[in-house]
Structures are given as structure tokens and as C-alpha cells.
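Here is the structure we will look at, set down as C-alpha cells.
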Amino acid sequence: MDIFGNLMLGFSVALTLSNIMYCFIGVLLGTLIGVLPGIGPIATISMLLPATFVLPPVSALIMLAGIYYGAQYGGSTTAILVNLPGEVSSVVTCLDGYQMARQGKAGKALGVAALASFFAGSVATLLIAGFAPPLAELALKFGPADYFSLMVLGLVAAVVLAHGSLIKAIAMIILGLLLGLIGTDVNSGVARYSFGLPELIDGVGIGTIAMGVFGFSEIIRNLEQGEKREVFTKSITGLLPNWADIKQATPATLRGTALGSFLGILPGGGPVLGSFSAYTLEKKLAKDPSRFGKGAIEGVAAPESANNAAAQTSFIPLLTLGIPSNPVMALMIGAMIIHGIQPGPQIMTAKPELFWGMIASMWVGNFLLVVLNLPMIGLWVKLLSVDYKYLYPAILIFCCIGVYSINNATMDVFLTALFGFIGYLFIKLDTEPAPLLLGFVLGPMMEENLRRALLLSRGSPSVFYERPISLVLLILAFALLVIVMLPNISKKREEAFQE
Amino acid sequence: MKRREFLAAGGAIVAASALPARAAYPEKPLRYYIPFSPGGESDIAARLQQPFFKAKFGTELVVESKVGAGGALAWSQLNTFPGDGYTIMGSNLPHLVLQPLEGNVQYKTDDIVNIIFFQYTPDAIVVRSESPFKTYQDLVAAAKAKPGTLNFAGSGTNSANHAAHERLNNLTGTKTQYVAFKGTGDLVASLIGGHVDGAMSYASLALAQRGKTRVLAVASDKRLDYIPDTPTFRELGLDWVDGAFRGIAVPKSTPEDLRRKLSDMFAEINREAEFRKQMTDQGMELVDITYDKMPAFMEERKKVYLGTAKLMGLAK
Amino acid sequence: MKKGNQTDFWSGVMFTAIGVLFLVVAYGVKFGDTVLLPGYSMGTPARMGPAFFPFWLGLILAVLGVAIVINALRSKEAKPLEKFHWGPILWVLGAVVAFGLLMKPIGMPLAGLVLVIVSSLGGENFRWKPTIFLAIGLVVFATGVFVYGLKLPIPLCPDISNLQDMRACRV
């Protein structure tokens, strides 16, 4: 139980020259695939698995883990620069990050994203080192009913993401939930809303929707604005965040780290739920919530710290219990087995050098990411000064290849075009797409847990209020809903008064 | 250590044999589609085969995931691929028999040309260590005392686990509830967290969750080495030796000689001592149902699974 | 028709339409004995069928949509619908669809050239020479990154059998 000694052991493994190198290769590759739309860590790790056969197990796992959290990092870069979330967890980063870039503050946004991520990654690493086993036990306490209530809370929180009409935001969440249900129903095996298309049997990919609704529609909008658009790329102020920026972003980073660390432990949601709820929390706490969505620096710091923290802590169930909390972790289990390591509760005692080496390498990896990314910021910002008429075809070709490569299906390319049009429609109808994406991610999980919870209780809804965790979460959700509704109600009153 | 040395040696052999041209087949990499998500039993087995395939036959075995609909997504597409011997696909029983019976999938059992089944995991009842059920008898007694209250987690609907669960209810005359999860990895948290009473899974789960779980009974013909205290269903008086078979299928257009050749190649990998060890370490039993044994084997299996399907209410 | 909040009005119409679509497909359409759409099974709360969740969500969405429409019609401030610019929509999305159609038959590099050139036509000040240079540069870069770097199974050559056997077409 000597954390210090254990960490020393870990660093003695992680800081060997070859392991630093593999860690570097991992985070570099991760950043690259994070920046490239479509292709994600799952595809990359499964492709690289055979290449790691010849490496020692620790080095292989260090490299593969680096790809995963490096991707979280890289995903924010395109979100900020061109409104294209490289990974789902950076969808919210688009909201304020892209606005900052339009105001010529792309460098600041990228810098804050990098620093907040580094801070969050470091804290989460310490958390894993100190408290992995009890945190894992906590995650096990969550039953299906509790998960359902957590999702409800997450969805209520998503309402806050949009500014403008409350009822439209709710409608967008439900639309997202419905889109998430397209594809094969896990319980019965029935293909829902697939309209006979074999490609839809497995549902619509989140990458397809995110790229279409965020990336493509933004391109069309930029093109229709013509010359007016050129203004924002020409006036770049401040390449790096200054002290005032950092001071402003610090509390948001701290809260984002805490929230992300916690949500990362729970199987399922992880980085996505973390980044969405961190953003919501900041917007609710802010003195002037109207700044959000218009380039608030906290709106970048909070979700970026949360998704990075969550990406790290999602290793906890894997390392302590052998339970994969997301598909990437399932792949890591495969990687361990192929390297002759049996993942599971015994790994910490049976293979301390592997366990602590991996943890220490996460800190090393986060450090390398900052070193790698800060000098890159200048380069990225320069990219923005490229004439837009050369930039957008480049975005298009990378998106198209990326989206094709997810399933090797041309149908996905067509669907992205369709969602590009839908996204443009959303802009014209003044409805914001971020809540839709959260609904889309949570929809299937929500339905699954609802059905499972009610199956276990034989149809009695009492499980949702008799289980303490679920009850607390539902009360929180209700309280949040009231807080969200209140300004609307009072505004209505004011209107009535004026009449 | 030994493993890595072997891999290094394998690499050297490949490097050496890459230069002179071998026999006509295989002369380029094979694409090996796995219908289940990376990290699952099917994926791991395929990846364990990879280095041996390369060392023995000199070309790469490229594993690619084609996940969805409990495998049906990939199997529905199998026959659209060219039958040139360079496309193969993982196949699973009883899925291939049970899914078409349900009627929602786009393939029929006989559409799938299986060339080999090489591994097998027996059904097993698993509970968490803290569970009040110390033995199989405890469990059955509890299930009989309070019918309809116990919950069993399993991987998927109309899957091997689902079928096994219905069989348990039928053979013991109990009534318990099956709760479907997306995969074995998905159900572990609910099992260990105590949100379900037990899991109808594979014996290999006991290896993955050593110390956190207890296996009450296993559907193998004799006791397993890694859980010597766990009785088989036969010992407990139930006629039940079953589990999930995993193998390889090819597109229908693949010529007879290539089917045979591929079957022999994977049977050869199955004979490798090192491969056997790696597989059994994961709780996967090796079987050798090669292409020539396939027709008889499938006939026998179909009969067994049709029986199970009736219990599940699938067969109309 | 031009009064009220047109933007909200049409978004409400969209939500209602989508909600009804999901609801109807889940429930099925039957006229007496003729079944137009089978629908999915509803189940009971304890054993929900595949129709349960989407049916209720679809209903809620449709109701919300109607509420948005009513609110929009009663709204005092007039907010006309923003103009749709079909030019960029058609060029950009048309280029993407063309890429999707051409990818497998003629390979990624050629399809990529088409994508870049067609989508560029949607921008202002289109000039052939820089666009073609851009297209070639992007295709070379993308081939390097995706095909040679990341080893993704992306078709490189047109789907003609003797071309496919060429060494350069296989990675």
C-alpha cells in the first residue's frame, strides 16, 4: 500500500528509453488519428495489435494506451479549428472552441485545451495510483436502475447546452435518443428503422452524424456567407493563453477534472458524459451564462479536462477488475491476453511492474502530449490563415475517407452527406445539434438499462426510487430541471407584465 | 518469456521464407472477418492464430472486425465475397442455427459453408464469490423455493448462453429469468456487483475473474483442470454437454479443394503445442471438426439446437 | 403565413414529422386485415418489446413539436426563415455523394480528385489550375497517410481485374 514506492517502481518501468519511445509513438499516433476525422482509437488499436506482438507486454500496452488518450487530445484540435469533432468526447469543445477560433483566439483555445488536459491527466493518474481499488468498488455499486437515472441526469444536463429555446433543446435530445435506436435491438435482435438497408442494421455511426451535422453543415454555411467569413481568420490575437486566461480557466479545469474522473470510472458513459456534464456545470455556475457558446474560455477548459480525466480513469475497472468500460478497453483486454497476461483482479499483485508501469506511463504520456502539442499550436493556427477555398476541400476529403474507413462502407459516406444537409437545416431552423449528439450516445444505453432494470424488478418502477443511488440521481435531475426552467418562467412573467 | 522467443523465431522464419516462392496458395494475405467485437473470445482466438499462420504459411492473416447483430451482419454478407480462398470469416454455433430460426436475419443456416470448428467453450453457471449459493444444489433449491425470482445474466439473445439458460430451466423444472447483455465483458460488472444472482456463461469466465467468481457447474464431459472442484452437469445427473463452437466459414463460391486446404491449414495450427497452451490458458478447448467431418457434425448439432430452440419458443 | 416566428414554426413541423414517423413505424399500420407496416412488438413494462421505447419517445417528440408550432404562431416577434443557399449545398454534398459512388469502382485517388474539384466549384473565384494542383496534392497526402501510413483497406485502383492484380494496387 506504499503509493510512493509503487509509483517509483512504475516510473522505473515507464522511464526506460524504449518505453518512453513507445509511449511517444503511441501518443503521436493517437494525436494523429484524433485529428483525422472518422478513424478512431478502436480501429487503430486493432490494426496495430499484430505489430505489437514482438514488443514486451508492458511496452505494447503503454503504446496502445497512449493511442487512446492521445486521441482524446487530438480530437479537440479539429473541433477548435474547423468545428469538426475528431472524437465524440470533443463535440462540446466545438461549441466555444470554434467560436474562439473565429474570434482569432484559436491559439489560446488550443493552449488552454492542452494545459487543462495535462492537468486533468496528471490528477487522474494520481487518482488511479492512490484509489483504484475503492473507486472500482464504487463503480460496481451501480446497477441498471442507477445507470438509467444517471442517463436521465445527463440528458437533463444536456438541455443547458443549448442557449435559446428550452423546448427545442428538449426536442433535439429526444430526436437524438430516437436516432440512437436505429439498428438492431440488443434484447430482441429485431432490426429497427433500418428500412431494409443492411448497413443500417448496426445503426448509424456517431462519426457519421458528428461529421455531417458539425463539419459539413459548417462548410456549407461558411460558403454561403462568402466574403464576410474571411474576417475571422485574418485577425489572430495571442498565440498562447496569458495569465488572465489561465486564471479564468483554472476553476473550470478543476471542476472538469473532478467530474470527468468520476464519470470515467463508470462503464459506458466515460469521456462523453464527462465532457458534456462538465460544460453544463460551468454554464450553470457562470455569472454570465450568455458568454457560453460565444467563445468562453471555460467552455473549452472544462470539457477538455473532463474528457481527458475520464479517459484515464476508465482504465480503473480494467486494471482492477478486468472489466472493460468501453470498446477500447475491451480491446486492451484482448491485447493483454495476446501478450499472455490475464486481465482481472489479480493483475495488481501478480504483475506490479506492468500495473504501475502503465500508470506511470500515463503521466509520461500526458507530459509528452503537452510537449508535442504546444509547439504545434503555431502551425495549426497558420493552417487557419490558408484561404478557405483551399481548406474546405481538404476537410471534405479527409472526412470522406475517414468515414468510409470506419466500416469500409460507402453507405456511411452517403449518410454523412444526408446528415450534412440535416445539420444545415438545423442551423436554418435555429436548433442546436449538441444535445442531439448526447441523446444519440445515451439513447441505446438508456433503453438497455431501463429494460434491464424493469426486467430485474419484474416491471415495478419502485427500483428507481428505492435504490439510494438512483434516488439521489433522480432528485438531482429534477432539481437541475427546476433550475433550468426557473429563468424561463420568470421571463414569461416579465413578458406578461409588460403587456 | 518463452512465448516471445517463439514469436521472434516465428518472425525470423517468415523473413527467411518470404524470398523463395511457395506453392501457389496462399500467395497474398488472407482477410479474416470476425463478426464479434475486438477483445471477445472470437477475436482473441483469431489473433492468437495470426502469428502461427504467418510462420507456417508465409503470408499475413489480416483480422478485421465486422461487428453487428450478434454476428448476423457479417454472416449475411459472407456469400457476397469472392470465393478465391482469400476471404474467410469466423463462425459460431449455436448462433448460426438459432438466428435463422428466429426469422429476422438475412441468411440461412445452410448458406454458411463452415470449413472447420477449432475451439469450444463449455456452458457454465457462474456466481460471484460473495454469493449465498455455494453449490449447484443451493442454487436449484433456492430457485425451486421461490420460482421466478432469480436472475441470470448472459451474453445476447438467442445465443449460446440464452439457449443454455432455457435448458437449465427445463432440465431442473425451475423458473428463472434470463437477462441479456451485449457481451460477456458487459455482464461481468453486473455479476460481480451483485445486480444479478448469477450468470449463464462459459467456463472461461472463471479464469478471467479468478478470485471474484465461483463456478457451480460446467457442461463439459469431464471436470476441467483449472476448476477441479466444479462438478460437471453429468455428475449432477443432467444430460448436458454443450457450449459454443467457434470456427471458420468461407463464401459459398470457394472451390472444394480450397475449402479442404484451408481446413487442413487451421487444423495444423491447432496441433501446435504453443498455440494449444495459449488457447487453454484462456479456457478455450480445442476441437478438430474439419471439413470432412462437417456434414455429420452439423446434422447432429442442428438436431440438438432445434430441441433447444423449441424450449426457447423460437421454432414455430 | 408570414406572421409569427417562422423559424420556430418550421422546426416544430420537423420535430412533429419525425416523431410521427418513428411512432408509426414502431406501432405499425393496419387497416382491418391488411397490414401495411408490421411494426414492432410492444411488450409489457416488465418485458418491453422493441417498440416500447421508440413509440413513447416518438409520441413525446411529436407533442413537443406541436407545442413549438403553437408557440411560434402566437409569437409576437416576426422571425422569417433564413434563406437556403442551394448552390453550396448541392456542390458540397453532391461532391461527397459522387465520391461515395465512385470510391469502389474507380478507387480512392481518382474519386478524391473528383471530390476536391467538384466541391471547389461551390466556392467563389474558382480557378482550374490551383484547384487541380490542390486536388493532386491532397490525394497524394491522403494516400500516404491513410493507405501507406495507417494501412487502411481502401481501394486504390479502378475495379478492373487485371489492374487489381498489379502489385501497386495492393498494400
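The values are calculated or read from the model by the stated rules, or taken from the named source; none is laboratory data. Just so it is clear, the structure is predicted and the values come from calculations on it, not from any experiment. Cβ: placed from backbone, ideal geometry, glycine included. Neighbour counts: every protein chain shown.
Within the range A:38-84, track down each residue that is in contact (Cβ under 8 Å) with a residue 60 or more places away in the chain, in a helix (DSSP H, G or I) and closer than 20 Å to C:Ile154 by Cβ.
Correct list: A:Pro41, A:Ile42, A:Ala43, A:Ile45, A:Ser46.
Just give me the residues in the range A:322-349 being of a type in the set (Gly, Ala, Ser) and facing chain B (nearest Cβ under 7 Å), in sequence order.
Within the range A:322-349, the subset of a type in the set (Gly, Ala, Ser) is A:322, A:325, A:330, A:334-335, A:340, A:344.
Once the filter is applied, which keeps residues that are of a type in the set (Gly, Ala, Ser) and facing chain B (nearest Cβ under 7 Å), the range A:322-349 yields A:Gly322, A:Ala330, A:Gly334, A:Gly340, A:Gly344.
Got a sec? Which of C:Phe126, C:Phe99 is of a type in the set (Phe, Trp, Tyr), crowded, with 19+ Cβ neighbours inside 10 Å, without any contact (Cβ under 8 Å) to a residue 60 or more places away in the chain and at negative phi? Steps first, answer last, please.
Details: C:Phe126 fails: crowded, with 19+ Cβ neighbours inside 10 Å.
Only one candidate passes the filter, namely C:Phe99.
Six or more apart or on different chains, Cβ atoms under 8 Å: show the pairs whose first residue is in the range A:398-425 and within 16 Å of A:Asn83 (Cα to Cα) and whose second is basic (Lys, Arg) and in a helix (DSSP H, G or I).
Cβ pairs passing all conditions: A:Tyr424/A:Arg221.
So, in the range C:1-41, exactly how many residues are more than 7 Å from chain A (Cβ to nearest Cβ), assigned to a loop (DSSP other than H, G, I, E, B) and over 24 Å from A:Ile170 (Cβ atoms)?
9
Within the range B:98-118, can you find the residues that are away from every other protein chain (no Cβ under 14 Å) and either outside any helix (DSSP H, G or I) or buried (at least 24 other Cβ atoms within 10 Å of the Cβ) (or both)? Spell out how you get there, then give the answer.
At the first step, the residues of the range B:98-118 found to be away from every other protein chain (no Cβ under 14 Å) are B:108-118.
Once the filter is applied, which keeps residues that are away from every other protein chain (no Cβ under 14 Å) and either outside any helix (DSSP H, G or I) or buried (at least 24 other Cβ atoms within 10 Å of the Cβ) (or both), the range B:98-118 yields B:Lys108, B:Ile112, B:Val113, B:Asn114, B:Ile115, B:Ile116, B:Phe117, B:Phe118.
Test B:Arg167 against the criterion of being within 11 Å of B:Ala124 (Cβ to Cβ), more than 10 Å from every other protein chain (Cβ to nearest Cβ), surrounded by fewer than 24 Cβ atoms within 10 Å (Cβ to Cβ) and modelled with pLDDT of 85 or more, and give yes or no. Outline the logic, then answer.
On the way: within 11 Å of B:Ala124 (Cβ to Cβ): no; more than 10 Å from every other protein chain (Cβ to nearest Cβ): yes; surrounded by fewer than 24 Cβ atoms within 10 Å (Cβ to Cβ): yes; modelled with pLDDT of 85 or more: yes.
Taking the combined requirement at face value, the residue does not satisfy it.
Report yes if A:Gly439 is in contact with a Gly (Cβ under 6 Å, 6 or more places away or on another chain) and more than 9 Å from chain C (Cβ to nearest Cβ), otherwise no. Lay out the reasoning, then the answer.
Values: in contact with a Gly (Cβ under 6 Å, 6 or more places away or on another chain): yes; more than 9 Å from chain C (Cβ to nearest Cβ): yes.
Criteria met by A:Gly439.
Could you pull out the residue among A:Ile206, A:Ile220 that is more than 14 Å from chain B (Cβ to nearest Cβ), buried (at least 22 other Cβ atoms within 10 Å of the Cβ) and of a type in the set (Val, Ile, Thr)?
Numbers: A:Ile206 fails: buried (at least 22 other Cβ atoms within 10 Å of the Cβ).
A:Ile220 is the lone residue from the list that is more than 14 Å from chain B (Cβ to nearest Cβ), buried (at least 22 other Cβ atoms within 10 Å of the Cβ) and of a type in the set (Val, Ile, Thr).
It is to be established whether one or more residues within the range B:223-232 are modelled with pLDDT of 90 or more, in contact with a helix residue (DSSP H, G or I) (Cβ under 9 Å, 6 or more places away or on another chain) and part of a loop (DSSP other than H, G, I, E, B).
Looking for residues that are modelled with pLDDT of 90 or more, in contact with a helix residue (DSSP H, G or I) (Cβ under 9 Å, 6 or more places away or on another chain) and part of a loop (DSSP other than H, G, I, E, B), one finds at least one in the range B:223-232, hence yes.
Is it true that some residue in the range B:233-254 is part of a helix (DSSP H, G or I) and farther than 26 Å from B:Glu166 by Cα? So that I can check it myself, show each step before the final result.
Our first condition is that a residue be part of a helix (DSSP H, G or I); within the range B:233-254, this holds for none.
No, the range B:233-254 contains no residue that is part of a helix (DSSP H, G or I) and farther than 26 Å from B:Glu166 by Cα.
Return the residues of the range A:389-419 that are among the hydroxyl-bearing types (Ser, Thr, Tyr) and surrounded by fewer than 19 Cβ atoms within 10 Å (Cβ to Cβ); say none if nothing qualifies. Before you say what the answer is, go through the steps one by one.
Taking the range A:389-419 first, the residues among the hydroxyl-bearing types (Ser, Thr, Tyr) are A:390, A:392, A:404-405, A:410, A:416.
Passing the criteria: only A:Tyr390.
Tell me, which residue of the range B:65-97 that is part of a helix (DSSP H, G or I) and of a type in the set (Val, Ile, Thr) is farthest from the other protein chains (Cβ to nearest Cβ)? Spell out the reasoning first.
Of the range B:65-97, the ones part of a helix (DSSP H, G or I) are B:69-80, B:95-97.
If we keep only those that are of a type in the set (Val, Ile, Thr) too, we end up with B:80, B:97.
Values: B:Thr80: 10, B:Val97: 14 Å.
Among those that are part of a helix (DSSP H, G or I) and of a type in the set (Val, Ile, Thr), it is B:Val97.
Which numbered condition trips up A:Glu432, out of (1) touching a residue at least 12 places away in the same chain (Cβ under 8 Å); (2) more than 8 Å from chain C (Cβ to nearest Cβ); (3) assigned to a helix (DSSP H, G or I)?
Of the numbered conditions (1) touching a residue at least 12 places away in the same chain (Cβ under 8 Å); (2) more than 8 Å from chain C (Cβ to nearest Cβ); (3) assigned to a helix (DSSP H, G or I), the odd one out for A:Glu432 is (3).
Which one of these does A:Pro468 not meet: (1) surrounded by 18 or more Cβ atoms within 10 Å (Cβ to Cβ); (2) modelled with pLDDT of 90 or more?
(1)
Let me confirm something: among C:Leu138, C:Leu110, which residue is at pLDDT 90 or above, surrounded by 19 or more Cβ atoms within 10 Å (Cβ to Cβ) and farther than 30 Å from B:Ala180 by Cα?
Working: C:Leu110 fails: surrounded by 19 or more Cβ atoms within 10 Å (Cβ to Cβ).
Within the list C:Leu138, C:Leu110, the selection yields C:Leu138.
Quick check on the range A:30-47. Is at least one of its residues at pLDDT 85 or above and either more than 21 Å from A:Tyr404 (Cβ to Cβ) or crowded, with 24+ Cβ neighbours inside 10 Å (or both)?
Yes, there is a match, as at least one residue in the range A:30-47 is at pLDDT 85 or above and either more than 21 Å from A:Tyr404 (Cβ to Cβ) or crowded, with 24+ Cβ neighbours inside 10 Å (or both).
Go through (1) surrounded by fewer than 24 Cβ atoms within 10 Å (Cβ to Cβ); (2) of a type outside the set (Gly, Ala, Ser); (3) over 25 Å from A:Met8 (Cβ atoms) and name the single condition A:Met348 misses.
Among (1) surrounded by fewer than 24 Cβ atoms within 10 Å (Cβ to Cβ); (2) of a type outside the set (Gly, Ala, Ser); (3) over 25 Å from A:Met8 (Cβ atoms), the lone unmet condition for A:Met348 is (3).
Mind telling me which of the residues C:Ala95, C:Ala67, C:Ala46 ends up being facing chain A (nearest Cβ under 8 Å), assigned to a loop (DSSP other than H, G, I, E, B) and either touching a Leu at 6+ places or on another chain (Cβ under 9 Å) or within 23 Å of A:Leu175 (Cα to Cα) (or both)?
Numbers: C:Ala95 fails: assigned to a loop (DSSP other than H, G, I, E, B); C:Ala67 fails: assigned to a loop (DSSP other than H, G, I, E, B).
Criteria check complete, one pass: C:Ala46.
Residues are listed down the side, and each one gets a yes or a no for (1) over 25 Å from the mean Cα position of the chain (by Cα); (2) closer than 30 Å to A:Ala51 by Cβ:
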| position | (1), (2) |
| --- | --- |
| C:Pro80 | yes, no |
| C:Leu90 | no, no |
| C:Leu93 | no, no |
| C:Gly100 | no, no |
| C:Ile136 | yes, no |
| C:Leu152 | no, yes |
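What are the residues in the range A:323-344 that are modelled with pLDDT of 75 or more and at positive phi, if any?
A:Gly340
Could you list all residues from the range C:107-146 that are of a type in the set (S, T, N, Q) and either at the interface with chain A (Cβ under 7 Å from one of its Cβ atoms) or assigned to a loop (DSSP other than H, G, I, E, B) (or both)? Don't jump to the end; show me each part of the working.
At the first step, the residues of the range C:107-146 found to be of a type in the set (S, T, N, Q) are C:119-120, C:125, C:131, C:143.
If the condition is that a residue be of a type in the set (S, T, N, Q) and either at the interface with chain A (Cβ under 7 Å from one of its Cβ atoms) or assigned to a loop (DSSP other than H, G, I, E, B) (or both), then C:Ser119, C:Ser120, C:Asn125 are the ones that fit.
Only one residue in B:Thr230, B:Thr184 is surrounded by fewer than 23 Cβ atoms within 10 Å (Cβ to Cβ) and either among the β-branched types (Val, Ile, Thr) or in the same structural domain as B:Lys144 (by TED's automatic domain parsing) (or both). Which one? Don't jump to the end; show me each part of the working.
Details: B:Thr184 fails: surrounded by fewer than 23 Cβ atoms within 10 Å (Cβ to Cβ).
One residue alone meets the criteria, B:Thr230.
I'd like to verify a number: residues in the range B:143-168 that are without any contact (Cβ under 8 Å) to a residue 40 or more places away in the chain and assigned to a helix (DSSP H, G or I), how many?
4
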